[in-house]
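The values are calculated or read from the model by the stated rules, or taken from the named source; none is laboratory data. It should be emphasised that the depicted structure is a prediction, and the values quoted were computed from it without experimental measurement. Note that each Cβ is placed from the backbone with ideal geometry, even for glycine, and that neighbours are counted across all protein chains shown.
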Amino acid sequence: MLVSIGCGKKVPEFSGKNAFQYLEKQCSFGPRNPGSKGYKDCLSYLLQQMQSTADTVWIQPFNYNDPHRGDNYNLQNIIARFNLNAEKQILLGAHWDTRPWSDQETELTNQNKPLLGANDGASGVAVLLEIAHILKEKPSETGVTIIFFDGEDLGMSGEDRSYAQGSQFFAKNLPIPKPDHAIIIDMIGDKNLHLPIERLSYRNAPRLTRKLWKLANKLNLPAFDQTLGYSIFDDHVPLWEFAKIQSIDIIDFDYPNKRDNYWHTQEDTPDKCSPVSLAQVGTLLTNHIYGIE
Ligand SMILES: [Zn+2]
């Protein structure tokens, strides 16, 4: 089904229901922290999904030594491209790994358990999987690279550089022509979704940020708050820092609200997320992709 906006342009409808199924599917593999069985199973699934939709798909492998714990990880970014020859190229990204520890748990015994990452991991990937299917169904005039970054969540609290390993490696070893801009989505599945403008995005890419929040307003997507929120070190920061790509992050860090917290706990499960939330972010991105033609 197609819905039209603006001057007669047809923008495909984004299905929150489909996206939610992709979220549940990822969670069905269990925690997807690097090295786990869930990680390996999910990697095969994501590759198969992208191979059936994108024009080209490959893995960008890299190695990471955790200086604090001494662990060594073999990690992989998954890169999928649509319409490689288009003049205008954009990048959409989300991290596919989940955190090996639930260090925000109050119960000490739970702190070393890996978490399910329904919101922190699966939600962003779920929206991008649905977008991949839309791009397959109705190719866009804009070229789109979808990246599932690895090793986003292996960091130590308080040390920004220990996070976002996949985007750091990608940006330092850029394997694609530099895109016009990049949009990262993370923690966008929360049932109680509020998306203020992330501050580092606004500082590094003010025009793109304003454009997207204005579009959200025009599309009547109430989760997008027309206010400034936190500064968050996410995969968008290395893209700007090391590859000078205009990059922004769409994120709801208060999960589920300022009082309670499921973030980095055993509570980050699919029942805390909703198809309606995924649809708001997906609708914005599809309108962005097809609307800039
Ligand atoms: Zn996290």
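Mind telling me which of the residues Gly158, Gly93 ends up being over 25 Å from Gln266 (Cβ atoms) and within 16 Å of the ligand (Cβ to nearest atom)?
Gly93
Please name all residue pairs, on different chains or six or more residues apart, with Cβ atoms under 8 Å, provided the first residue is in region 152-163 and is at pLDDT 95 or above and the second residue is of a type in the set (Asp, Glu) and outside any loop (DSSP other than H, G, I, E, B).
Glu152/Asp186; Asp153/Asp120
Does region 12-21 include one or more residues that are in contact with a Phe, Trp or Tyr (Cβ under 7 Å, 6 or more places away or on another chain) and either closer than 17 Å to Asn119 by Cβ or surrounded by fewer than 19 Cβ atoms within 10 Å (Cβ to Cβ) (or both)?
Looking for residues that are in contact with a Phe, Trp or Tyr (Cβ under 7 Å, 6 or more places away or on another chain) and either closer than 17 Å to Asn119 by Cβ or surrounded by fewer than 19 Cβ atoms within 10 Å (Cβ to Cβ) (or both), one finds none in region 12-21, hence no.
Let me spell it out: the conditions are (1) within 17 Å of His288 (Cα to Cα); (2) within 16 Å of the ligand (Cβ to nearest atom); (3) out of contact with any helix residue (DSSP H, G or I) (no Cβ under 8 Å at 6 or more places or on another chain), and Ile250 meets all of them except one. Which number is the exception?
Condition not satisfied by Ile250: (3).
Would it be correct to say that Ala132 is hydrophobic (A, V, I, L, M, F, W, C), in a helix (DSSP H, G or I), crowded, with 17+ Cβ neighbours inside 10 Å and within 16 Å of the ligand (Cβ to nearest atom)?
Taking the combined requirement at face value, the residue does not satisfy it.
Could you say which residue among Ala86, Ala80 is of a type outside the set (Phe, Trp, Tyr) and in contact (Cβ under 8 Å) with a residue 60 or more places away in the chain?
The unique qualifying residue is Ala80.
Out of region 34-59, which residues are part of a strand (DSSP E or B) and surrounded by fewer than 19 Cβ atoms within 10 Å (Cβ to Cβ)?
Listed by number, the residues that qualify are Thr56, Trp58, Ile59.
Answer yes or no as to whether Ile245 is among the hydrophobic types (A, V, I, L, M, F, W, C) and over 19 Å from His95 (Cβ atoms).
Answer is no for this residue.
Need at least 1 residues that are of a type in the set (Phe, Trp, Tyr) and within 23 Å of Pro12 (Cα to Cα) per element, so show me which strands (runs of 3 or more DSSP E) inside region 137-198 make the cut, counting only ones lying wholly within it.
The strands (runs of 3 or more DSSP E) meeting that bar are 143-149.
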